[in-house]
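The values are calculated or read from the model by the stated rules, or taken from the named source; none is laboratory data. Keep in mind it's a predicted model, so treat the numbers as computed, not measured. All Cβ positions, even for glycine, are placed from backbone atoms using ideal geometry, and neighbour counts span all protein chains on display.
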Amino acid sequence: MTCRHERLHRWLARHGDLLTVLAAGALIAAAWTVRLVSPGAAAQAGLYDGLMAAAAVIAGAPIAREAWGRLRAGQFSIPLLVSVAALGALWIRETWEAAAVTFLYVFGGYLESLTLARTRAALRTLVDLLPRTARVRRGEALEVVDAAAVRPGDTVVVLPGDRVPVDGTVVAGRAALDTAALTGEPLPAEVGPGDPVLGGSVSRGGYLEVVAERVGPDTTFSRLVYLVAEAQEQKPKVQRFLDRFARWYTPAVLAAAGVLYLLTRDVELALTFLVIGCPGALVVAAPVAVVAGLGSAARQGILIKGGERLERIGKVDVVAFDKTGTLTMGQPRVTAVVPLNGDATRVLALAAVAEQRSEHHLAAAILAHAKAMGIEPEPASEWTLEPGLGAVARGEAGEILVGNRRLLAARGIALTAGQEALVAAREAEGETVALVAAGGVPVGIIGITDPIRPEAAGLVAALRRVGVRRTVMLTGDHRAAAERVARRLGVDEVRAGLLPEEKVAAIRSLQAQGHVVAMVGDGVNDAPALATADVSIAMGASGTRAALEAADVALMADRLDMVPYAIGLSRRILAVVRQNVAFAVAVVVLLLAGVLGRVVFLGSGMLIHEASVLLVILNGMRLLRTPGAGDGYVQADLQVHSG
């Protein structure tokens, strides 16, 4: 019996607003039915007034409770205006007006709560997707434990249909992981040994063993849920202004209604002025649009950290990019092997000998290309890594060098004029050049490029469409490689060969010119520049907790088409907020003018008032229907200037 009462209590708590609306609405409908059936009978008139008064009491009780609670806290609130107006209407026996005022107010509040609940759907979906359990290998046995009980270093087994409970690295098996909830990517990603995986991904097939690195609340997915919730609670400046506005507006309207009564001795006129003065649409103008817009962005894998950042993003007119890993894939590939002494196969084989113990990203490109060509590194010994220069090893061909000019010069090896011309030609094409020497003689040149991201092709044009006037590349790479990328993408300005502190100086110089600068980087190497920019947009945020927390915008999917989309969506949200505020103010001003002109009365005015609230809500809800950024750069052109 107790359980049944508890369930009933929970159900009533969840649906109390709806029951209030239904009960008050039914009483009002019954009252009008009585009047229509017997309009002249005194008994029916008394029943009509009784039903209307009952509706006013049922609808007005929660309003009065809220008004009293806020008044005790020293707040003059909008519910106080409604409560005073309803009591006044009952006092002068205008029961229809009392019922209409309270019913329309609670009905508008119920619609607002439904809307906000819908706009928070992205957050609820994320919470529902949090992994609950994990399969942990304990010796030869598998134990199903609570996801919060997994510890770093544990080996977690992921079977088809399982949700990955930790951030970690695959040590065995292969699988297709659906990361849509994290990154917005519609297609599953194939992962295998050595690949990182994120908690919250879903296995669509295969078997994985993952060594846990980040667990529980430290996983990227848990942090994403927390940050989305935090972002939805943060308010833009316009919303904070409206909150402060409501505090002094309520006593001002009460005072104005009192003065109006003293001047006219018309109670109904004063009460009508009081009710129509309620800025209901103004109160919901900002929160509905902000929450809807942030939820829409979250579904696309774009995490915007709250309302205040929205306003900064909306003012961006210069976007600065890192090159490697941002405009390019960050995965260098060998594009040319030019023999100087021998054939290309020998050049690649010798390079693989020296690079097989190097962890440099260019070494990985050379080894991957050698493997693809079916070339196995020869036996070697005495490996030496020369930071900033290259790698050295000793093999059957003697001392083998792979690196830049300075490495060869340090070992007394000089290039001929013709060889220098070949190197210069490849660098002019934007390639990074690795020189290979063996036995004291240059044997070849390996050209390496970092491919441009496929989605970068229309990036600059898309940024132009959302109001960005200038694009700048800030990179530590050599100028030829940077300019090659800039030419292909149409980037306005290149600043190459920069150290981290020089990137910071470049951003400050742009800010000194009056620009609002957004910096797009990987969140690690570009941390100082990201911190200096007016808006920081982190690529690769799904892999770095620091970037996820520090950036104003985190792009969970590493996709450049999200950058103009995020800027355009921010401007569109702010445009909708401005539309809502302007509309709400206009409605209140016109209605108050109508009240003073004796053409707007309590019932009709309240109906128009609540209709304006509904229109503001519907306008904000349009942001929920924003098309996906994944459809391409078409979505960057959000017509943000139309509002």
Q. Within the stretch 108-145, restricting attention to residues that are within 29 Å of the chain's Cα centre (by Cα) and more than 30 Å from V616 (Cβ to Cβ), which residue is modelled with the lowest pLDDT?
A. L129
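Residues in the stretch 413-454 that are assigned to a loop (DSSP other than H, G, I, E, B) and more than 18 Å from A354 (Cα to Cα): how many? Full working, then the answer.
Of the residues in the stretch 413-454, the ones assigned to a loop (DSSP other than H, G, I, E, B) are 413-416, 429-431, 439-440, 450-451, 453.
Pick out the ones that are also more than 18 Å from A354 (Cα to Cα) and you get 414-416, 429-431, 450-451, 453.
Of the residues in the stretch 413-454, 9 are assigned to a loop (DSSP other than H, G, I, E, B) and more than 18 Å from A354 (Cα to Cα).
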Q: Under 9 Å between Cβ atoms, at least 6 apart or on separate chains: pull out the pairs that start in the stretch 304-333 with a residue that is crowded, with 18+ Cβ neighbours inside 10 Å and end on any residue that is among the aromatic types (F, W, Y).
A: L327/F321
Q) Restricted to the stretch 342-362, and to residues that are over 17 Å from A438 (Cα atoms) and not in a loop (DSSP other than H, G, I, E, B), which residue is nearest to the chain's Cα centre (by Cα)? A) H361
Q) For the stretch 381-397, does any single residue satisfy the condition of being under 30 Å from A505 (Cα atoms), outside any loop (DSSP other than H, G, I, E, B), in contact with a strand residue (DSSP E or B) (Cβ under 8 Å, 6 or more places away or on another chain) and not acidic (D, E)? A) yes
Q: Could you please find all residues in the stretch 53-90 being aromatic (F, W, Y) and assigned to a helix (DSSP H, G or I)?
A: W68
